[in-house]
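Data block below; observations after.
The values are calculated or read from the model by the stated rules, or taken from the named source; none is laboratory data. None of these values were measured; they are calculated from a predicted model. Backbone-built Cβ (ideal geometry, glycine too); neighbour counts: all protein chains shown.
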Number of protein chains: 2
Amino acid sequence: MFLEIVKQLRQLIQDEGVRVGEKLPSERELAERLQVGRSTVREALRSLELLGLIETRRGEGTFLSDFRKHQLVELLSTFILQESKSKEDVHLTRETLEKEAIRTICQSEQHQKHFIWEAFLVKLQQEPVIREDIIREIIIISGNRLSLKVWFLLKQFAGEPYQSEMNVEEKTIWMQLLNSLQNGKEQLSISLYHEWLFLMDRREKNGSRSI
Amino acid sequence: MFLEIVKQLRQLIQDEGVRVGEKLPSERELAERLQVGRSTVREALRSLELLGLIETRRGEGTFLSDFRKHQLVELLSTFILQESKSKEDVHLTRETLEKEAIRTICQSEQHQKHFIWEAFLVKLQQEPVIREDIIREIIIISGNRLSLKVWFLLKQFAGEPYQSEMNVEEKTIWMQLLNSLQNGKEQLSISLYHEWLFLMDRREKNGSRSI
DNA sequence: TAACATTGAGTGGTCAGACCACTTTGTAAT
DNA sequence: ATTACAAAGTGGTCTGACCACTCAATGTTA
């Protein structure tokens, strides 16, 4: 069973003391050492590669990669999102993550530290202001990397409105929201966020009011 | 690249409308249809198998399996969850989804319909009361299938506390929470939920107070 | 007719060998 | 010393060949 090979590979990596970034034995050598065919070794290696545990470079070899780069979310998303036909669900879940980021920021002491808002302010003041950039900044500030990853994926599925830029109305709201966040006013922040959503919604229905 | 084949396989599954438990085309047929060698198809299939997305039975064929059975968690958790920050992220994201479900229920008109609460009540009144079942019911009622799926995955990472049963204290809170939900009281519901989280937290630190 | 045994087609599991494209390294010519 | 070329090594892919197994059609027997 090729699962056995996966196991043996892990054992071999451990015994050999292969460290992150270092090279593994070649496929042909592994096949000989594990006493199996090369194709069997490859099936195991490709599985580990799909998981993001190893990295292969043609002509060079196979390397142990940093598993902090794991592709868990990416992988699962392709299978989860495929059946979730409802765009509405994607939207709602994405908005959930955004709102929670806002709440987290307000409830933590983070919002008091001025330097945190620097990047945010810069993005909001320069032209053009891309929605995606602003929201991403908010989630980064909230500090939950997993949320950020999930959000990033959902955003890709959500498509349009995020890739375009904010109009004057939206920017006004976000300036208020920034202020509200800095003062840790949760209720007000959420209200402003909802107000922004409402604006986006109307814009989408009315057609090309943007740009 | 074999990643391309993984992608194409997904597409094929979708186009063909293969459902969970049903049989996929044979490796030889797939090779012919995708215009690649059988070994390449196998590398892709074995990867999906390691993820638990398909199941192969010698002499019979390859079958689409329920993604909920995937062993990804077991495989990756040893690598990923070593940093305590990761664990915390998982917890927080999971709680985010749970809270949002509560909010959604309160804000919709759903909570007024009595029949919705039947399954919930049954689960809460019978013994033993498994935490996981209750929360799942809440998210189902909220109606966001995508959230449910993401939550399901995170729950597996979260591990312990969810698989055991509630004690008397917890059940009391949940009876109140149920009542609060039925009346659409958002603030109160969230407060009760937080109270429950606090209880779980304390229980975890104090050790084996449950069962 | 019913129960059993046999056979063959189809399937995944594995292997060996052959190319290909690419990278690295060693070697020879300049 | 630099450059140009050749060779070895590596992953990527395909082919064909077995094996072990399952299942269903077929044939055989009671």
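Descriptive notes on the structure:
- Condition check for A:GLU49: more than 10 Å from DNA strand C (Cβ to nearest atom), out of contact with any helix residue (DSSP H, G or I) (no Cβ under 6 Å at 6 or more places or on another chain) and farther than 26 Å from B:ARG58 by Cβ: no
- Residue count for segment A:26-41 under the criterion of being within 8 Å of DNA strand C (Cβ to nearest atom) and either in a loop (DSSP other than H, G, I, E, B) or in contact (Cβ under 8 Å) with a residue 12 or more places away in the chain (or both): the result is 5.
- Inspection of segment A:89-105 finds no residue satisfying the criterion of being at pLDDT below 60, at the interface with chain B (Cβ under 9 Å from one of its Cβ atoms), in a helix (DSSP H, G or I) and surrounded by fewer than 21 Cβ atoms within 10 Å (Cβ to Cβ).
- Which numbered condition B:HIS111 fails, given (1) surrounded by 19 or more Cβ atoms within 10 Å (Cβ to Cβ); (2) at pLDDT 80 or above; (3) more than 9 Å from chain A (Cβ to nearest Cβ): (2)
- Qualifying residue in segment A:51-60 (condition: modelled with pLDDT under 85 and closer than 19 Å to B:THR40 by Cβ): yes
- Among the conditions (1) within 12 Å of chain B (Cβ to nearest Cβ); (2) within 12 Å of DNA strand C (Cβ to nearest atom), the only one that A:LYS23 does not satisfy is (1).
- Residues that are at negative phi, at pLDDT below 90 and touching a Phe, Trp or Tyr at 6+ places or on another chain (Cβ under 7 Å) occur in segment B:62-69; there is at least one.
- Hey, A:ALA44 touching a residue at least 40 places away in the same chain (Cβ under 8 Å) and part of a helix (DSSP H, G or I) or not: yes
- Annotation: A:VAL36 fulfils all but one of (1) away from chain B (no Cβ under 12 Å); (2) within 12 Å of DNA strand D (Cβ to nearest atom); (3) of a type in the set (Val, Ile, Thr); the unmet one is (2).
- Matching residues in segment B:47-61 - criterion: being assigned to a strand (DSSP E or B), more than 13 Å from DNA strand D (Cβ to nearest atom) and touching a Lys or Arg at 6+ places or on another chain (Cβ under 7 Å): none
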